[in-house]
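The values are calculated or read from the model by the stated rules, or taken from the named source; none is laboratory data. Predicted, not measured: the structure shown is a model, and the values here were computed from it. Here the Cβ positions follow ideal geometry from the backbone for every residue, glycine too, while neighbour counts run over all protein chains shown. Heavy atoms of the whole protein, side chains included, go into the accessibility calculation; ligands, DNA and RNA do not. Shrake-Rupley method; radii C 1.70, N 1.55, O 1.52, S 1.80 Å.
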Amino acid sequence: MKKIFIVEDDDFLIDIYTTKLKESGFETEVAKDGESALSFLKKTTPDILILDLVLPDIDGLDLLREIKKDNQFQDLPVIILSNLDNGLKEKDYAGLGIKKYLIKANHKPSEIVEEIKKIIK
């Protein structure tokens, strides 16, 4: 079973995404802030990281840069799932392992699951 690690601070969205992912046969783990995410990643390696950019303690991109310093996570695929459109272009984030940058408001949970399936097939 593929393990999806979600870093998201909104309880409502956590519930929606974890429910949809579990229905699709994925195991899910959640962290609500960057510190918790780093702590979790010291113990296990997920198959994909779903990352919000706006987090309570560490900005999502700063968190991702920190994660990618560890060789263990160099090949970890990442989907940014945020309502923040910061204008990043593919060339700007290719080195961070970001496979997709999805705006939450523009994608249904089922569409997000399909994107995950494409990446970790």
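Quick notes
- When all protein chains stay in place and ligands, DNA and RNA are ignored, the 1.4 Å accessible-area order of ASP59, ASP52, largest first, is ASP59, ASP52.
- Within straight-line reach of LYS20, meaning a Cα separation under 19 Å, sit the following lysines at least 8 residues removed in sequence or on another chain: LYS2, LYS3, LYS32, LYS100, LYS104, LYS108, LYS117, LYS118, LYS121.
- Remark: the range 3-13, residue by residue, has Karplus-estimated 3J(HN,Hα) of 9, 9, 10, 10, 10, 8, 9, 9, 4, 4, 5 Hz, where x stands for each Gly or Pro and the curve is 6.51 cos²θ - 1.76 cosθ + 1.60 at θ = phi - 60°.
- Placing a label point 7 Å from the Cα of ASP70 along the Cα-to-Cβ direction, the residues of the range 13-38 whose backbone N falls under 19 Å of that point are 28-38.
- Cα gyration tensor shape for the chain, rounded if a/c is under 1.5, else prolate or oblate: rounded
- Backbone amide hydrogens, once placed in the peptide plane, bring ILE50 within less than 5 Å of PHE5, ILE6, VAL7, ILE79, excluding anything fewer than 5 places away on its chain.
- Area of THR28 that stays accessible when all protein chains are in place (1.4 Å probe, Å², to 10): 20
- ³J(HN,Hα), Karplus 6.51/-1.76/1.60, whole Hz, each residue of the range 111-121, x for Gly, Pro: 5, 5, 4, 5, 5, 4, 4, 4, 7, 10, 3
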